[in-house]
Amino acid sequence: MSGSSVLFDAPGPKARRNSLIVSIVAAVLLIALAVWVYLILAAPRQSGGITLPGMFDGSRWDIFSDPEVWQFIGRGVLATLQAAAVAAVGAVALGVVFSLLRSSEQAWIRVPTAWLLEFFRGMPVLLMMLFILLVASTGAFWAVVIALIIYNGTLIGEALRAGLAALPRGQREAALSVGMRYFQSKILVEFPQAFRQMLPIIVAQLVVLLKDTSLGYIVGYNELIRTTMNNLGSFYGNRYMFSLFVVTLGLYLAINLSLSWFARWLSRRTASGGGRGKKGGAAPEDPDQALLLAQANAKAAASRQR
């Protein structure tokens, strides 16, 4: 007992000193790495006998003083958000349908739905976009949107199904005892609770959906990357590729980090029943990990009920 208490005791002066030294060394190494990268990028370079300025030279960034450049970039951002918004609505709606079919008590509905979900989950999103574009001739926008709806709808459907399975059986029994039918119980009683429980996971998956809109570059959709790195890069030349890359990266980070922050905030809100978040009460933000956790909880609940 005394040995275990020593193991979990507060760190002494020597341990704190060693931790401080390690932190200082790590910080110095990171700063040195950042300085090294900056010096490499800022240094002039030779290309074909011509000396080109460094990446941070003002001549590589002067195009951003032109309002038309920002208008062009803004159209790319708008195209990305439009595709993400339409696909998000469709993916949630399709996920609801898939979750209801997948959790059906009828085997002739449940089993084919499970096969279909596994097929869609195993198919790469880009390949799905190309297939829709080539076979259905929908155009670039709808090829991107439909592929994102199908792929993310399957993941959201599985998350909602896991949420339904994780609910206590007493919820359904109480609904049936007051005269509701099986389908009424699932729609009016069980599904709203499962949707609220899985809402942070759904929002996190929608963040992934927004990132996947960048695959529209391959099928010719003028989203943000195609607008900046392809169209503007081709028009202004390789001289501005680095600056265009930095601006594109900054825009994606701003959008995705905002959505990720919203997912964390929503996770805390739902975990605390709509009040202030509790420490340790947030659901996992990774959709795959959260889905596995929900499925494990559902199996544990089923084993306890047996």
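The values are calculated or read from the model by the stated rules, or taken from the named source; none is laboratory data. Remember, predicted model here, so these are calculated numbers, not experimental data. Glycine gets a Cβ as well: all are built from the backbone with ideal geometry, and neighbour counts include every protein chain shown. Accessible surface areas use protein heavy atoms only, side chains included; no ligands, DNA or RNA. Shrake-Rupley method; radii C 1.70, N 1.55, O 1.52, S 1.80 Å.
A few notes on this one:
- With a Förster radius of 25 Å applied to the beta-carbon distance between Ser19 and Leu41, the computed FRET efficiency rounds to 0.15.
- Label-point separation in nm, Phe72 to Ala27, each point 7 Å along Cα→Cβ: 4.3 nm
- Stretched out straight at 0.36 nm per residue, the stretch from Leu257 to Val97 would grow longer than its current Cα-Cα span by 54.7 nm.
- Dipole magnitude (debye, nearest 20) for region 29-137, charges at Cβ of Lys, Arg, Asp, Glu: 300 debye
- For region 94-227, a crude dipole built from +1 on the beta carbon of Lys and Arg and -1 on the beta carbon of Asp and Glu, taken about the Cα centre, is about 220 debye to the nearest 20.
- Projecting label points 7 angstrom from Cα along Cα→Cβ for Val135 and Val111 puts them 2.4 nm apart.
- The largest accessible area among Arg181, Arg60 belongs to the first residue in Arg181, Arg60, and the rest follow in falling order (1.4 Å probe, all chains).
- Hull volume in cubic angstrom per residue (convex hull over the Cα atoms of region 1-131): 342 Å³
- Under the simplified labelling scheme, the Leu81-Asp62 pair shows an inter-label distance of 3.2 nm, with each label point 7 Å from Cα along Cα→Cβ.
- Computed extension gain for Arg196 through Tyr236, at 0.36 nm per residue and net of the alpha carbon distance, reaches 9.6 nm.
- Pairwise FRET efficiency - Met180 versus Phe245, Cβ, R0 = 41 Å, nearest 0.05: 0.15
- From phi via Karplus (6.51, -1.76, 1.60), per-residue ³J(HN,Hα) for region 199-215 in Hz, x at Gly/Pro: 4, x, 5, 5, 5, 4, 5, 5, 5, 4, 4, 4, 5, 6, 5, 5, 5
- Carbon + sulfur, % of accessible area of region 5-161 - ligands and nucleic acids excluded, 1.4 Å: 73 percent
- In order along region 69-75, the phi-based Karplus estimate (6.51 cos²θ - 1.76 cosθ + 1.60, θ = phi - 60°) of 3J(HN,Hα) comes to 5, 5, 5, 5, 5, x, 5 Hz; Gly and Pro are listed as x.
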